[in-house]
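The values are calculated or read from the model by the stated rules, or taken from the named source; none is laboratory data. Owing to the predicted nature of the structure, the values given are computational and were not obtained by experimental measurement. Cβ placement follows ideal geometry from the backbone for every residue including glycine, while neighbour counts extend to all protein chains displayed.
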Amino acid sequence: MTVAVRNLTIRGVKGQPHFDCGGITLQSDKACLVLAADGITLENLDISGAQISESAGANGACIRNEPNMSFTLRGIICHASQAGVMSEGGTILVENSEFFDNGWGGAAHNVSFGGDCTLVVRGSIFRDGDLVAEGQMRFGIANAEDVMPGRK
């Protein structure tokens, strides 16, 4: 699904909704949720099952932004996917979220914050990525503040 409304908040209420992307075709061969507008906030969601073919890059993500689109993740769980989050620039805030059992196959990562982005991480857990030695967390960023990932 592509989210293309500026400053939109998508919030799970009365429990934590699960976006199970297993077995479906991901939006533009990118992600379960493609953030295509600035200022999107995702809160209290569980996202899993993102996978694309080897020929498409083998890096299907739970969440991916379009270049330089800023976003916030609060209380998000991303798991059981080729990649948890893949970003390409923007200002990114990650709070009280958990990323695990991602990074299997191809060029995938548990999380990958790339491009010219500013990243703030607070109270979040990054664990059990399958590519622990290479690329579980890739922070190719220009400006990182308050990166406190909790446990690795």
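The set of residues from the range 92-116 being farther than 27 Å from GLU54 by Cβ and more than 11 Å from the chain's Cα centre (by Cα) comprises LEU93, GLU95, ASN96, ASP116.
Taken over the range 1-20, residues that are assigned to a loop (DSSP other than H, G, I, E, B) and at pLDDT 95 or above amount to 9. Only a single item in (1) of a type in the set (Val, Ile, Thr); (2) exposed (fewer than 13 other Cβ atoms within 10 Å of the Cβ); (3) in contact with a Ser or Thr (Cβ under 6 Å, 6 or more places away or on another chain) is not met by THR25, and it is number (3).
Confirm whether GLY129 is touching a strand residue (DSSP E or B) at 6+ places or on another chain (Cβ under 8 Å), at pLDDT below 85 and surrounded by 15 or more Cβ atoms within 10 Å (Cβ to Cβ). In short, yes.
Kindly establish whether THR72 is modelled with pLDDT under 95, of a type in the set (Val, Ile, Thr) and surrounded by fewer than 23 Cβ atoms within 10 Å (Cβ to Cβ). No. Scanning the range 5-22 for residues that are farther than 19 Å from GLU66 by Cα and of a type in the set (S, T, N, Q) gives a single hit, GLN16.
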